[in-house]
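One structure is given here, and the rest of the page talks about it.
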Amino acid sequence: MKPRRTPQSLGAFAGGVITTILASALVGQAVSADDDRDRRAQRYEDLSLFTSVLELVRGSYVEEVDEHALLMSAMRGILEDLDPHSSFMNADAFEDMQVETKGEFHGLGIEISKETGAYIEVVSPIDGTPAKRAGIESRDRITSICPTVLPEDWAEPCRGTTEMTLFEAVSLMRGKRGTSITIYIIREGMTEPQRFEITRDTVKVASVRAEIVDPGIGHLKISSFQERTGRDVRARLRDLEEENETELSGLVLDLRDNPGGLLNQAVEVADQWLGEGLVVYTQGRDERERTEYNSSDRVLEAGYPIVVLVNEGSASASEIVAGALQDHHRAIVLGVTTFGKGSVQTVYPLDGGAGLRLTTALYYTPAGRSIQEVGITPDLVVKQSDNPKLGFPKRRRVREKDLEGHFTQSDATGLENGSAPPTRILEHEQIPAVIGPESGEPLESAAPEVVDAQLTRAVEVLKSWNYFEDLRRLQLGDDPDATGTVGESTVAAAERDEG
């Protein structure tokens, strides 16, 4: 416990906070003298109230309080009510964020998600990591976490995850290489949670993987947009050509469960297949705060057909890439509606190693569409083969629209003075969930082998000339044939000067 300060020391500190906040708040647009006077009076009143609360908690709370922890909590609280993606990061959290964008950190190596009041769910374990080696699987639910070193406010060795935030869970599971942590997992077929003790290690996230899935057809999987993603995409495309021993005849660009990352890397990836033109633009609250991100005037890849795979976990920077390729009629988007994160967060370093992640703009696809809250609508809807077994009900995955305090679609279109124009998309057919090998019956009644229905369907589409003949006509500005119809397709999203 830190030594107790005198009331005067806290009062002086709070007074400094008031002075700093007022100095910043009074810099802005010119207002009338009366309005300015009223606003300043309200600010002084509110900040005086804030100081009074700090003094009362410090002097009268039943237990001695750590003033530093109290003020850190107050700063987190300032950001909590803004939107789900703005946050204050202490020095440790800020360092973790910086390390993660480099694609390397110490921990277990799992991607997780969470709904309010529910267990933490494993999206997927990362290949070659401690979690993968320990047997953690996608769709596992983490029921409780038991860290080796208990936080100061813990009285018990383990704590359930239903009331944890994702940030708290990540903080607990990350740690120095060689240290261990225990987690309890429940999955299909288990009657009670099973104990897993896992030793942390260096997790190197390979953001790009590639393979030939059919003669001439490559599968390029991007798991996140890190500092080296654009360069790694170019390298993996060269590997595919070498393995294929000639140019590709088609490509599946897999952005499923890609939570986003760096905006500049999303632009660099899209630039592989686009000629000169707009990839994405961001718009702040002021009309003058518009920034455009354009592709170069040379296309780095050949004109082979592309299918982009997306799902509910495709967010932010992955939605930027899918939206740009869709708007320029360069690719067919296949899968299910994406997450729908259409906001940009800028990261500001603060004194003492802390950081601030603040939503500063919304972004829009080349056609002027915002996908905030609504997500990207695929050109071809194909659901995945994830039917649950009896006894373990399937849960709807969380999207942007489920997050408390999110910006709405009307907020996003309001910044653009109205809704974006509809975009022509392909609607050849609505694909059924998953069908068996020949019978046409649901997969669950066929063989127990797990089939990636979306990838399988993407390869089939690449072999079909009709889809891409329609796409070629759209690129030329012509109407597709009778099987192509006009519909609305919604897109866009970025993160931090992060996408």
Exercise. Taking ARG209, is it of a type in the set (Lys, Arg) and farther than 30 Å from LYS463 by Cβ?
Worked result: no
Exercise. Looking only at the stretch 171-223, which residues are surrounded by 15 or more Cβ atoms within 10 Å (Cβ to Cβ), in contact with an Asp or Glu (Cβ under 9 Å, 6 or more places away or on another chain), at pLDDT below 85 and more than 30 Å from TYR304 (Cβ to Cβ)?
Worked result: SER171, ARG174, VAL203
Seminar exercise, completed: Of all strands (runs of 3 or more DSSP E) fully inside the stretch 184-244, the set with 3 or more residues that are assigned by TED's automatic domain parsing to the domain that holds GLY303 and of a type in the set (Phe, Trp, Tyr) is none
Problem set entry | Qualifying residue in the stretch 240-256 (condition: out of contact with any strand residue (DSSP E or B) (no Cβ under 6 Å at 6 or more places or on another chain), touching a residue at least 40 places away in the same chain (Cβ under 8 Å) and either closer than 16 Å to HIS328 by Cβ or crowded, with 22+ Cβ neighbours inside 10 Å (or both)) | no
Seminar exercise, completed: Residue set GLN265, GLN283; condition buried (at least 22 other Cβ atoms within 10 Å of the Cβ) and polar (S, T, N, Q); output residue GLN265
Exercise. Among the candidates LEU300, LEU356, which residue alone is part of a loop (DSSP other than H, G, I, E, B), surrounded by fewer than 24 Cβ atoms within 10 Å (Cβ to Cβ) and hydrophobic (A, V, I, L, M, F, W, C)?
Worked result: LEU300
Exercise. Within the stretch 304-317, is there a residue that is surrounded by fewer than 24 Cβ atoms within 10 Å (Cβ to Cβ), in contact with an Asp or Glu (Cβ under 9 Å, 6 or more places away or on another chain) and in a strand (DSSP E or B)?
Worked result: no
Seminar exercise, completed: Of the residues in the stretch 340-371, those that are touching a strand residue (DSSP E or B) at 6+ places or on another chain (Cβ under 9 Å) and more than 18 Å from GLU292 (Cβ to Cβ) come to GLN345, VAL347, TYR348, PRO349, LEU350, ALA354, GLY355, LEU356, ARG357, LEU358, THR359
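Conditions tested, residue by residue: (1) modelled with pLDDT of 90 or more; (2) out of contact with any His (no Cβ under 8 Å at 6 or more places or on another chain).
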site	(1), (2)
VAL336	yes, yes
THR346	no, yes
ARG357	no, no
GLY368	yes, yes
GLY375	no, yes
For this session: Report whether or not VAL267 is under 21 Å from VAL382 (Cβ atoms), of a type in the set (Val, Ile, Thr) and in a helix (DSSP H, G or I).
Result: no
For this session: Output yes when any residue across the stretch 100-118 is among the charged types (D, E, K, R) and at pLDDT 85 or above, and no when none is.
Result: no
Exercise. List pairs: first in the stretch 283-295 and over 16 Å from SER370 (Cα atoms), second modelled with pLDDT of 85 or more and of a type outside the set (D, E, K, R), Cβ under 6 Å, 6+ apart or cross-chain?
Worked result: ASN294/LEU278; SER295/LEU274; SER295/GLY277; SER295/VAL279
For this session: Hey, could you check the stretch 29-88 for residues that are aromatic (Phe, Trp, Tyr) and outside any helix (DSSP H, G or I) and say which is nearest to LYS341 (Cα to Cα)?
Result: PHE88
For this session: Look at THR338 and say whether it is under 30 Å from MET89 (Cβ atoms), in a strand (DSSP E or B), in contact (Cβ under 8 Å) with a residue 24 or more places away in the chain and in the same structural domain as ASN264 (by TED's automatic domain parsing).
Result: no
Exercise. For HIS406, are the conditions met, namely being at pLDDT 85 or above and either surrounded by fewer than 23 Cβ atoms within 10 Å (Cβ to Cβ) or not aliphatic (A, V, I, L, M) (or both)?
Worked result: no
Exercise. Is it true that some residue in the stretch 381-395 is surrounded by 20 or more Cβ atoms within 10 Å (Cβ to Cβ) and modelled with pLDDT of 85 or more?
Worked result: yes
For this session: Among residues belonging to the stretch 146-167 that are under 28 Å from the mean Cα position of the chain (by Cα) and modelled with pLDDT of 85 or more, point out the one that is surrounded by the fewest Cβ atoms within 10 Å (Cβ to Cβ).
Result: GLU163
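Any residue in the stretch 167-179 that is in contact with a Phe, Trp or Tyr (Cβ under 8 Å, 6 or more places away or on another chain) and not charged (D, E, K, R)?
No, that holds for no residue.
The values are calculated or read from the model by the stated rules, or taken from the named source; none is laboratory data. These numbers come from a predicted model, not from an experiment. We place every Cβ from the backbone using ideal geometry, glycine too, and count neighbours over all the protein chains shown.
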